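> I have a structure I would like to understand better, so I am pasting it below and will then ask my questions one at a time.
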Amino acid sequence: MPTLKELTHREDRLAGGHRLCAGCGASIAVRQILLAAGEDPIVTGCATGCLEVSTTIYPYTSWKTPFVHNAFENSAATVSGVEAAFKGLKAAGKIPSDKKVKFVAFGGDGGTYDIGLQSLSGAMERGHDMVYVCYDNGAYMNTGIQRSSGTPKGAWATTSEVGKAQAGKIQKRKDLTSIIAAHGIPYAAQASISHWKDLTAKAEKAFAVDGPAFLNVLATCPRGWRSPYNKSVEVAKLAVETGFWPTFEIENGVWSMSAPSKGAEIRGRKPVAEFLKMQGRFKHLFKPENAELLAEIQDDVDAYIAYLNGRCQS
């Protein structure tokens, strides 16, 4: 994989000056991933959401790549169509047979876990040579912080309020990475913006495989998480260190924990409360009446780590 020095000499394909919030994890994820893509041309697609509306406000764009704006639910379908057209033009002799182009689709958790899941599943099943990246910020942030199936249990959102009836979202977060891995694609991985070396290494692998690849990247949202904008990377790092967001990969069906999470049981995972207490969306969990729910969330984290350890061969 490229060194940090090598990455700094590559062109940044997402320009500064965009209108994403200070501390937004989505732009960090995009920059790290595109830096790892190498020198080949890239065609980028992006579902409607925070990332798209803040980087392509007409008549401006922050993207230094050909860019396709998709509807909320069809980023994977659109980019898979572009990839298929590229192959068709090659077959027809209208594009040189040795020309290389990479294809990547971005979507938030709302456009990936929920309303874009059918589109994503279809693209993965058909075997398109593309990378799909979910920047997971845990809610429909662009439209008002509504809960998604990627929203963690116990989190406040505008459609999972905190009060007498419930203490935030009552359901567990969907395990999207396992769902996509079940499609039998060559490469799927989970990563975080807090560990650039792990993320860029996984992005490099994703772009290199022949066929579909999937990256699920934790991307902090200070506005929706009610966390300090200057602590975004620190919050994301705690998500990994507590096991809330473990880092792992599946290469041709072989599961393995990756460096940030590997050996965490030996080193000692931090309590998940350390991740939660830095975010206002979880502040109610630290009231005495919600102690049982807080313990339940820790149990969920422990159970998920046990599940991953059972699947991972290293």
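The values are calculated or read from the model by the stated rules, or taken from the named source; none is laboratory data. Just so you know, these numbers come straight off a predicted model, no measurement behind them. As a convention, Cβ positions derive from the backbone with ideal geometry for all residues, glycine included, and neighbour counts pool all protein chains shown.
> Scan Glu251, Glu241, Glu204 and give me the residue that is modelled with pLDDT of 95 or more and touching a strand residue (DSSP E or B) at 6+ places or on another chain (Cβ under 8 Å). Full working, then the answer.
Working: Glu241 fails: touching a strand residue (DSSP E or B) at 6+ places or on another chain (Cβ under 8 Å); Glu204 fails: touching a strand residue (DSSP E or B) at 6+ places or on another chain (Cβ under 8 Å).
After ruling out the rest, the residue left standing is Glu251.
> Ok, one more. Confirm whether Val254 is among the β-branched types (Val, Ile, Thr) and buried (at least 24 other Cβ atoms within 10 Å of the Cβ).
Working: among the β-branched types (Val, Ile, Thr): yes; buried (at least 24 other Cβ atoms within 10 Å of the Cβ): no.
Answer is no for this residue.
> With the structure loaded, tell me whether Pro288 is over 16 Å from the mean Cα position of the chain (by Cα) and in contact (Cβ under 8 Å) with a residue 60 or more places away in the chain or whether it fails that test. Steps first, answer last, please.
Details: over 16 Å from the mean Cα position of the chain (by Cα): yes; in contact (Cβ under 8 Å) with a residue 60 or more places away in the chain: no.
In short, no.
> Follow-up. All but one of (1) in contact (Cβ under 8 Å) with a residue 60 or more places away in the chain; (2) more than 17 Å from the chain's Cα centre (by Cα) hold for Glu11; which doesn't?
So Glu11 meets the others, but not (1).
> Kindly indicate the residue of the stretch 134-164 that is among the hydrophobic types (A, V, I, L, M, F, W, C) and touching a helix residue (DSSP H, G or I) at 6+ places or on another chain (Cβ under 6 Å) and also surrounded by the fewest Cβ atoms within 10 Å (Cβ to Cβ) among those meeting that condition. Lay out the reasoning, then the answer.
Initially, the stretch 134-164 is screened for residues among the hydrophobic types (A, V, I, L, M, F, W, C), giving 134, 139, 141, 145, 155-157, 162.
When the remaining residues are screened for being touching a helix residue (DSSP H, G or I) at 6+ places or on another chain (Cβ under 6 Å), the result is 134, 139, 141, 145, 155-156, 162.
Values: Cys134: 30, Ala139: 30, Met141: 25, Ile145: 23, Ala155: 26, Trp156: 24, Val162: 20.
For the stretch 134-164, the residue satisfying everything is Val162.
> Out of the residues in the stretch 291-313 that are under 23 Å from the mean Cα position of the chain (by Cα) and among the polar types (S, T, N, Q), state the one that is surrounded by the fewest Cβ atoms within 10 Å (Cβ to Cβ).
Ranking the candidates gives Asn309 first.
> Is at least one residue of the stretch 265-274 surrounded by 18 or more Cβ atoms within 10 Å (Cβ to Cβ) and not in a loop (DSSP other than H, G, I, E, B)?
No: zero hits.
> Right, here's the next one. Please enumerate the residues belonging to the stretch 90-142 that are hydroxyl-bearing (Ser, Thr, Tyr), out of contact with any Asp or Glu (no Cβ under 9 Å at 6 or more places or on another chain) and in contact (Cβ under 8 Å) with a residue 24 or more places away in the chain. Lay out the reasoning, then the answer.
Within the stretch 90-142, the first condition is being hydroxyl-bearing (Ser, Thr, Tyr), and the residues that meet it are 97, 112-113, 119, 121, 132, 135, 140.
This time we only want the ones that are out of contact with any Asp or Glu (no Cβ under 9 Å at 6 or more places or on another chain), so: 97, 121, 132.
Scanning the stretch 90-142 gives Ser121, Tyr132.
> Return a yes/no flag: does the stretch 212-229 have any residue that is more than 30 Å from Gly144 (Cβ to Cβ), among the small types (Gly, Ala, Ser) and loosely packed, with under 14 Cβ neighbours inside 10 Å. Please lay out each step first, then the result.
Let us first name the residues in the stretch 212-229 that are more than 30 Å from Gly144 (Cβ to Cβ), namely 212-213.
Remaining after also requiring among the small types (Gly, Ala, Ser): 213.
Filter again for loosely packed, with under 14 Cβ neighbours inside 10 Å, leaving none.
Taking every residue of the stretch 212-229 in turn, none turns out to be more than 30 Å from Gly144 (Cβ to Cβ), among the small types (Gly, Ala, Ser) and loosely packed, with under 14 Cβ neighbours inside 10 Å.
> Sort out which residues of the stretch 39-74 are assigned to a helix (DSSP H, G or I) and surrounded by fewer than 16 Cβ atoms within 10 Å (Cβ to Cβ), and write them in order of number. Walk me through it before giving the result.
Quick first cut of the stretch 39-74, residues assigned to a helix (DSSP H, G or I) only: 50-55.
Scanning the stretch 39-74 gives a single hit, Val53.
> Search the stretch 1-28 for residues being touching a helix residue (DSSP H, G or I) at 6+ places or on another chain (Cβ under 7 Å) and assigned to a helix (DSSP H, G or I), and hand back the single one that is modelled with the lowest pLDDT.
Result: Leu7.
> If you don't mind, there's one more thing I want to ask. Can you list the helices (runs of 4 or more DSSP H) lying wholly within the stretch 181-242 that have 1 or more residues being in contact (Cβ under 8 Å) with a residue 60 or more places away in the chain, within 21 Å of Asp129 (Cβ to Cβ) and acidic (Asp, Glu)?
On the way: elements: 196-208, 222-225, 232-241.
Output list reads 196-208.
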